[in-house]
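To start, the structure itself, in structure tokens.
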Amino acid sequence: MKNLDSLLAFDAEHLWHPYAALKNTPARFLAKSAQGTRIETADGLNLIDAVSSWWCVAHGHNCPEITEAIRKQSEKLSHVMFGGFTHEPAIELGEKLVKFLPKGLNKIFYADSGSIAVECAAKMAVQYQYALGRPERCKLVALKGGYHGDTAGAMALSDPDGMHTLFRGIMPHHYFAERPNCRADEPWNDADFASMEAVVNEHEKEIAAVICEPVFQGGNGMWLYNAGYLKRLRKLCDEKGILLIFDEIAAGFYRTGPKWGMDHAKLENGESVLPDIMTIGKALTGGHITMAACVASEMVADTITNSKISAFMHGPTYMANPLACAAGIASLNLFESRDYAKNVARIESRLRANLEPLRNLENAADVRVLGAIGCLELKAIPTSEDILKVIRETGVWLRPFCNYVYTMPPLITSDAEIDQICEAIKLIGQCEPGPVSDDEFHE
Ligand SMILES: *Cc1c(COP(=O)(O)O)cnc(C)c1O
């Protein structure tokens with residue numbers, strides 16, 4: 001390997017990183033390899049990946065079943081356009097998804113990233129209303145505090161006062177309801193739904209769909225809210241002929257405990273509240289290769305199919321990439337064969353035991369835990385230098401944003417590793433708060 005300093009110098013000069021300046025950024029780690037919960041760096045660290053590399057590495061890094069599936073597929077067919085062709089990996093993954101997804105959600109559009117899946121969901125909702133002769137219904141309602149991705153259409157559905165405000169000029173305009181405030185562990189308070197009800201009532205005739213992240217708002221606020229909200233939302237959407245979109249990209253695949261975030265919201269017959277369209281991504285391939293999907297109910301798909309413009313008007317170049325499909329199949333096999341619900345319950349109780357006491361830290365604002373998600377919200381975040389120091393000293397990779405120091409570890413993380421992660425979170429919570437900066441989403 002080349003000299004580490006010269007590699008990092010090239011990187012700083014030429015490679016953009018997510019939400020980061022080119023030069024003058026805090027030091028970066030050079031990842032050499034990764035296995036299970038661990039990432040090995042060029043300077044000899046062996047870090048526990050406490051954020052599952054942005055929440056996707058569910059079964060652990062370099063999972064042998066998944067890497068083998070990708071390798072085998074690469075010897076047969078790495079890519080072919082999905083327009084005019086189909087292939088076995090796409091079909092087999094589709095068959096598995098139809099069984100794995102909530103009943104009735106079985107019309108699958110493969111997308112190459114979560115943001116694209118969200119774009120597709122929004123377009124599908126608009127095309128559905130168009131098919132019903134309601135072209136004026138072309139706006140969505142989203143929740144303040146939400147996050148749905150970084151492309152223009154997805155930014156426009158994310159928190160209007162969040163990290164994307166500078167791009168307002170290129171974003172389509174949608175409507176926003178207040179963030180649900182009723183917490184998961186409180187009794188449902190119906191007043192919490194008033195804002196959504198008011199927004200929908202006021203703009204009803206323009207609204208194609210409501211989109212939300214079921215019970216867990218991730219990328220913008222690490223917020224957990226009461227599942228009663230979803231029940232009210234389903235009812236309201238049904239009354240108004242508005243579609244309901246659940247963005248399960250972060251919450252899905254057992255992250256919050258059950259298989260889907262929506263599974264926290266149970267109807268009287270014991271079934272989960274279902275959306276008309278849902279998006280999945282992140283853990284779909286176990287974090288091995290990019291792949292997401294937008295999935296519609298039969299009602300939505302049939303309405304579009306039976307209309308004058310029967311084709312759904314979207315088609316990425318790398319749609320249904322066979323390598324990604326192969327990884328998805330192997331990942332779903334693991335989700336089917338392993339008892340992740342039980343494992344996540346274990347992780348949840350360990351996170352709770354470790355993180356709840358951190359409420360007493362002087363700098364603590366809140367502690368939130370659900371499934372394999374644990375968040376210490378601070379009054380003020382320490383400096384990046386202090387955070388890096390904790391990472392190096394504890395061997396735990398954390399990536400706080402705004403005032404949130406959180407973990408979303410791989411679903412295979414051991415109790416001892418959870419303890420180590422929580423110790424690192426505590427140490428960050430005990431650091432001197434840094435100066436308040438304009439650059440809230442610091443690297
Ligand atoms: C990460 C995320 C997205 C965007 O996915 P990308 O693959 O990063 O484009 C969309 N919605 C939610 C809820 C997410 O957490």
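Every read-out reported here was derived from the displayed coordinates using simple, explicitly stated rules and does not represent laboratory data. Treat the numbers as computed from the prediction; the structure is a model and nothing was measured. Using ideal geometry, Cβ is built from the backbone for each residue, glycine included, and neighbour counts are taken over all protein chains shown.
The charge dipole of the chain, taken about its Cα centre with unit charges on the Cβ atoms of Lys, Arg (+1), Asp and Glu (-1) only, comes to about 820 debye. Taken as Cα centroids, the stretch 222-242 and the stretch 113-140 sit 19 Å apart, rounded to the nearest whole angstrom. Rounded to the nearest 5, the antiparallel percentage of DSSP beta bridges internal to the chain is 70%. At a Cβ-Cβ separation cutoff of 4.7 angstrom, cysteine residues of the chain with no neighbouring cysteine are Cys56, Cys63, Cys138, Cys182, Cys212, Cys237, Cys325, Cys375, Cys402, Cys422, Cys431. Packing around the peptides 339-351, 368-380, 72-84, taken as the average count of other Cβ atoms within 10 Å per residue, puts them in this order, highest first: 368-380, 339-351, 72-84. Which residue, Ile418, Ile280, Ile249, has the most motion in a Gaussian network model of the chain that connects Cα atoms within less than 10 Å? Maximum among the listed residues: Ile418. Helical content of the chain, expressed as a calculated mean residue ellipticity at 222 nm, amounts to -10500 deg cm²/dmol (DSSP H runs of 4 or more residues, -39,500 (n - 2.57) each, divided by residue number, nearest 500).
The chymotrypsin sites (Phe, Trp or Tyr not before Pro) of the stretch 361-427 include none that meets both conditions, a loop assignment by DSSP and at most 16 other Cβ atoms within 10 Å of the site Cβ. Taking a straight Cα-Cα cut-off under 30 Å and skipping sequence neighbours fewer than 8 places away in the same chain, the lysines within cross-link reach of Lys342 are Lys96, Lys99, Lys103, Lys107, Lys231, Lys259, Lys266, Lys282, Lys426.
Rg and Dmax over the alpha-carbon atoms of the chain stand at 21.6, 64 Å.
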